[in-house]
Amino acid sequence: MSVLEQTAAQYRSLRWMATAGQLGELLADAEANELSYLHFAQRLAEHEAAVRTRSRVARHLKQAQFPAEKPLESFDYRHQTTITKRQVNALLDFGFIDQRENLVFIGPPGVGKTHLAIGIGQKAIQAGYKVLFRTALDLIEDLELAEMKGELKKRLNQLAKHDLLVIDELGYLPMTRQARYNLFQLINNLYEYRSIILTTNKDFTSWGEFFHDDNVAVPIIDRVIHHSHIFMLGGESYRLRQKTTG
Ligand code: ADP
Ligand code: MG
């Protein structure tokens, strides 16, 4: 085994996989550019860190299970004028996640609620946070199943492992009493501990009716709204506009 191979093997055993895999190229590059010893040492560390970040981001994007690729860069603020780019950009320092605050996007279908939720979620992952995307319906089914298996607590704790949980499309369908209760458990478990992005077509004033005005609704609404940034989105459906203009 050459010294290069031995050294690469040693890096590998230290779990510096990116450096191990590219040691030859990194050396050749250092020689070609006449790097100082210090700069070479720096290059190795930077290379390893950059590759690890890339693969962590890729892994977390996959784990987040976004239903579609919706980058914020493709969000058109000329169409959606009830929220500004400045307002959205202000969220991207992720103070809201650090302070366990929630975002709520309220508005009719097609105005970009899900697009914004995914776009912000993707940026959060790039910034190092763990995110999970679920529709409200998915979550309700998920929790119901866990409940039947007697594993509700365990499942709630798994869901709380993410820094940010996106709950998409709350309010589109009526829920059973048990579903509401499970959802309350979830929101209670995350309250002041993790962040939620919630999208809904229901204004808070009609949430009571949606939750059938029972005693579970009020504490859910209370906990979601407390420490929340609420955005009321309006305007034309983007889907409709695309149909009519092209
Ligand atoms: P909602 O969740 O409010 O019903 P979506 O976010 O799913 O709406 O938007 C519907 C479709 O229109 C999606 O494909 C989305 O990417 C697109 N869309 C909506 N608003 C915009 C916008 N302002 N700029 C670009 N695409 C948009
Ligand atoms: Mg949506």
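No lab work stands behind these numbers, since they all come straight from the coordinates. Predicted, not measured: the structure shown is a model, and the values here were computed from it. Here the Cβ positions follow ideal geometry from the backbone for every residue, glycine too, while neighbour counts run over all protein chains shown.
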| Rounded to two decimals, what ratio of Rg to Rh does region 136-210 give with C-alpha atoms and a Kirkwood Rh? | 0.95
| query | Under unit Cβ charges (Lys, Arg +1; Asp, Glu -1), what dipole magnitude, rounded to 20 debye, does the chain have relative to its Cα centre? | reply | 220
| query | When ranked by the protection proxy of mean other Cβ atoms within 10 Å per residue, highest first, what sequence do the peptides 191-201, 149-159 form? | reply | 191-201, 149-159
| query | Taking the Cβ-Cβ separation of THR176 and ALA50 as r and a Förster radius of 45 Å, what is the calculated FRET efficiency to the nearest 0.05? | reply | 0.40
| For the chain, convex hull of alpha carbons as volume per residue, Å³ | 190
| By how many nm would the segment from SER228 to TYR37 grow when fully extended, if each residue of separation counts as 0.36 nm and the alpha-carbon distance is taken off? | 63.7 nm
| With θ set to phi - 60° and the Karplus curve 6.51 cos²θ - 1.76 cosθ + 1.60, what are the ³J(HN,Hα) couplings of region 69-77 in order, to the nearest whole Hz, using x for Gly and Pro? | 8, 10, x, 4, 4, 8, 7, 9, 7
| message | With the cut-off at 25 Å, tell me which of the pairs LYS130/LYS153; LYS161/LYS202; LYS62/LYS161 have Cα atoms farther apart than that. | response | LYS161/LYS202
| field | Nonlocal amide H pairs with ILE197, under 5 Å, H built at 1.01 Å | value | LEU103, LEU165, VAL166, ILE167
| Under the rule of -39500 (n - 2.57) per DSSP H run of 4 or more residues, summed and divided by the residues of the chain, what mean residue ellipticity at 222 nm is obtained, to the nearest 500 deg cm²/dmol? | -17000 deg cm²/dmol
| note | At R0 = 30 Å the Cβ-Cβ FRET efficiency linking ARG241 and LEU92, nearest 0.05, sits at 0.70
| field | Shape category assigned to region 63-205 from the gyration tensor of Cα positions, a/c cut at 1.5 | value | prolate
| note | Taking N as the residue count of region 96-139, its alpha carbon Rg divided by 2.2 N^0.38 Å gives 1.24
| task | Mind giving me the FRET efficiency for PHE204 and GLU73? R0 is 35 Å, r the Cβ-Cβ distance, nearest 0.05 is fine. | result | 0.70
| field | In Hz, Karplus ³J(HN,Hα) per residue of region 190-197 (6.51, -1.76, 1.60; θ = phi - 60°; x = Gly, Pro) | value | 8, 4, 6, 10, 9, 9, 10, 10
| task | Mind checking the full-extension length gain between MET148 and LYS85? Use 0.36 nm per residue of separation minus the Cα-Cα distance, one decimal, nm. | result | 18.3 nm
